[in-house]
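Engineer: Once you've had a glance at the structure underneath, I'll fire off some questions.
The values are calculated or read from the model by the stated rules, or taken from the named source; none is laboratory data. Values in this document were obtained by computation on a predicted structure and should not be read as measured data. Cβ atoms come from the backbone with ideal geometry, glycine included; neighbour counts cover every protein chain shown.
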Amino acid sequence: MALFRNTREGAPFAGNADGRRAITRRGLFKGIGATTAVAVVAASLDGCKNASNGSGDPVVVDSESADYVIDPNTNENKFSYDESSLSPTHTWNIALGSVLRPGGGDTWIPVTTAGSSANPPVKASALAITTGKLAEVVSEPHTKDADNVVIYEACCSDSVYAWVEINLLDRGWHLYAARFSDGALTGDISTLWEASADYDPPQIACSDSRVFWLVMPNATGGKSTEHSFCYAWKAGGSSADAIVESAGRFGAPLAVSDDVLTLVPRVKGDKGTYYGITAYDLSDGYKQLDQLILPASVKPLSAVRMGDKFAFSIEANYASGGLLGNMGSYIGSADGPFVALSREPSAQIAGKGSRYFIKSSSSYFVVDTDKRSYSILAATNRSLDYGEYPSSVGTTSRFVTFCTVKAEDTGYPSTVVVRAFDL
């Protein structure tokens, strides 16, 4: 088992001439468990492929320039309303307490499921979306001396599975990963990272055989002034790459779509608080493809690159910043124009081609930017108390939702309904 230790926990930082902080290579990266120890090194920050400098200008445009789906002032339709409604290709009922996450493959979706007892309370599983098979992948925490450790998060593609375990007492955590096939782990389990409560449990994503994760200091912890980093590891590899450095915490979760990684690092650190929605090419050494710098202090809820446009949401109204300082969901690039839906967002955006699924409070807007039309995808019956959420992000051939449904006779939660819509 390979262990990529967080050297911040075991060695001091060495400052660079340009003010960046670098992970030192001090650290005897030991293996854990019964297998032979493997010495591995996470890439030093001197070798980070992309620093979040942000070379462009913030995108500040007038609200009148937006192509609104619905006029935010009059509530009149600007796009035509399509009364047709999508029907799910598959509907599955799975165990109560299951939570689906966005997957990075065509077959399997990661799921955290309730344990059969209080120990462990959570298991890491995967759902085969074409058959409804729910496979138990990690039955109990892998961390040694795990009395107070629980599985916190999971992610997978069709060939790699990653999960986070957290200690409930000291809030320290570990990130593990292994090859994955036909609903089960294959090969050795690798420990990709470990950290104390000074660092947030990592946001993770999987694509093909790669795992991506964000290491960010806790906003109120003792390391709150440190930089944040995105790392990547390929199944079977003995090292991890530092892909992107952010001068502060990333502004939104990472997302993978169309072989592109979307991140929202802090940029223009010497000029104020700016977040840059940035696309990196996974097929070309993580080369930066595009960037949209939001107005000062504006922070997105989510962002993903779909085709040649960014699809992102702003969850608050800001006192300045023009169009992109207003709450809503937006589709466009730094050069504009922007299709805008002025509804409070609550989840990441997914879709295919010119169709975008945008979650509102109790349903989905299905917006077709080419046809300039929209339709409504209603939530599953008896699910509104808990909400129906997508487990898809970015471009997908199958839009998947999940929700907790109450029993009609008792009013108590009874099952989790998963719906899949082929696009």
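Engineer: Just the residues that are of a type in the set (A, V, I, L, M) and outside any strand (DSSP E or B), please, taken from region 184-226.
Structural biologist: Restricting attention to region 184-226, the residues satisfying the condition of being of a type in the set (A, V, I, L, M) are 184-185, 189, 192, 195, 197, 204-205, 211, 214-216, 219.
Within region 184-226, Ala197, Met216, Ala219 meet the criteria.
Engineer: Any residue that is over 21 Å from the mean Cα position of the chain (by Cα), over 30 Å from Ser320 (Cβ atoms), modelled with pLDDT of 95 or more and buried (at least 19 other Cβ atoms within 10 Å of the Cβ) - is there at least one of those in region 85-92?
Structural biologist: So far as region 85-92 goes, yes, one or more of its residues are over 21 Å from the mean Cα position of the chain (by Cα), over 30 Å from Ser320 (Cβ atoms), modelled with pLDDT of 95 or more and buried (at least 19 other Cβ atoms within 10 Å of the Cβ).
Engineer: So, in region 360-414, how many residues would count as being aromatic (Phe, Trp, Tyr) and over 22 Å from the mean Cα position of the chain (by Cα)?
Structural biologist: Residues flagged as aromatic (Phe, Trp, Tyr) and over 22 Å from the mean Cα position of the chain (by Cα) within region 360-414 amount to 2.
Engineer: Residue check: is Ser342 without any contact (Cβ under 8 Å) to a residue 24 or more places away in the chain, within 30 Å of Leu384 (Cα to Cα), surrounded by fewer than 23 Cβ atoms within 10 Å (Cβ to Cβ) and not aromatic (Phe, Trp, Tyr)?
Structural biologist: For Ser342, the condition - without any contact (Cβ under 8 Å) to a residue 24 or more places away in the chain, within 30 Å of Leu384 (Cα to Cα), surrounded by fewer than 23 Cβ atoms within 10 Å (Cβ to Cβ) and not aromatic (Phe, Trp, Tyr) - is not met.
Engineer: Name the residue, out of Ser181, Ser157, that is within 17 Å of the chain's Cα centre (by Cα) and among the polar types (S, T, N, Q).
Structural biologist: Ser157
Engineer: With the requirement that a residue be β-branched (Val, Ile, Thr) and surrounded by fewer than 18 Cβ atoms within 10 Å (Cβ to Cβ), what does region 113-123 give you?
Structural biologist: Selection gives nothing.
Engineer: Step by step: first the residues of region 253-294, then only those that are part of a loop (DSSP other than H, G, I, E, B), surrounded by 22 or more Cβ atoms within 10 Å (Cβ to Cβ) and among the aliphatic types (A, V, I, L, M), then the one that is nearest to the chain's Cα centre (by Cα). Which residue is that?
Structural biologist: Leu254
Engineer: Continuing with this model, one more query. Given the conditions (1) modelled with pLDDT of 70 or more; (2) exposed (fewer than 15 other Cβ atoms within 10 Å of the Cβ), report the number of the one that Ala39 does not fulfil.
Structural biologist: Status for Ala39: all satisfied but (1).
Engineer: Can you name the residue in region 261-317 that is of a type in the set (Lys, Arg) and free of Cβ contacts under 8 Å to residues at least 40 places away in the same chain and is also farthest from Ile331 (Cα to Cα) among such residues?
Structural biologist: Lys271
Engineer: Gly97 versus (1) within 23 Å of the chain's Cα centre (by Cα); (2) at pLDDT 95 or above: which is the lone unmet condition?
Structural biologist: Answer for Gly97: the failing condition is (2).
Engineer: Conditions first: (1) within 22 Å of Ala420 (Cβ to Cβ); (2) surrounded by 18 or more Cβ atoms within 10 Å (Cβ to Cβ). Gly325 passes all but one, so which condition is the exception?
Structural biologist: Of everything listed in (1) within 22 Å of Ala420 (Cβ to Cβ); (2) surrounded by 18 or more Cβ atoms within 10 Å (Cβ to Cβ), Gly325 misses just condition (1).
Engineer: For region 89-132, name all the residues that are more than 27 Å from Leu261 (Cα to Cα), in contact with an Asp or Glu (Cβ under 9 Å, 6 or more places away or on another chain), touching a residue at least 40 places away in the same chain (Cβ under 8 Å) and in a loop (DSSP other than H, G, I, E, B).
Structural biologist: Scanning region 89-132 gives a single hit, Thr89.
Engineer: Could you name every one of the strands (runs of 3 or more DSSP E) located completely within region 340-400 that has at least 2 residues being polar (S, T, N, Q)? I'd like the intermediate steps shown before the answer.
Structural biologist: Details: elements: 350-352, 355-359, 363-368, 373-378, 388-390.
Strands (runs of 3 or more DSSP E) meeting the threshold: 373-378.
Engineer: Let me ask something else. I need a count of the residues in region 319-339 that are in a loop (DSSP other than H, G, I, E, B) and either more than 13 Å from Ala303 (Cα to Cα) or in contact with a Pro (Cβ under 8 Å, 6 or more places away or on another chain) (or both).
Structural biologist: Filtering region 319-339 for residues in a loop (DSSP other than H, G, I, E, B) gives 319-321, 326-327, 333-338.
Checking which are either more than 13 Å from Ala303 (Cα to Cα) or in contact with a Pro (Cβ under 8 Å, 6 or more places away or on another chain) (or both) leaves us with 319-321, 326-327, 334-338.
The number of residues fulfilling the criteria is 10.
Engineer: Here are some residues: Ser246, Ser190. Which one is modelled with pLDDT of 95 or more, touching a Pro at 6+ places or on another chain (Cβ under 8 Å), among the small types (Gly, Ala, Ser) and buried (at least 18 other Cβ atoms within 10 Å of the Cβ)?
Structural biologist: Within the list Ser246, Ser190, the selection yields Ser246.
Engineer: Among Pro72, Pro110, Pro102, which is surrounded by 20 or more Cβ atoms within 10 Å (Cβ to Cβ), closer than 30 Å to Asp335 by Cβ and not small (Gly, Ala, Ser)?
Structural biologist: Pro102
Engineer: Where the second residue is aliphatic (A, V, I, L, M) and the first is surrounded by fewer than 17 Cβ atoms within 10 Å (Cβ to Cβ) and lies in region 213-232, which pairs have Cβ atoms under 7 Å and are six or more apart or on separate chains?
Structural biologist: As it stands, the answer is Gly221/Ala197, since those pairs meet every condition given.
Engineer: Take the conditions touching a helix residue (DSSP H, G or I) at 6+ places or on another chain (Cβ under 8 Å) and closer than 20 Å to Gln203 by Cβ and apply them to Leu301. Does it pass?
Structural biologist: no
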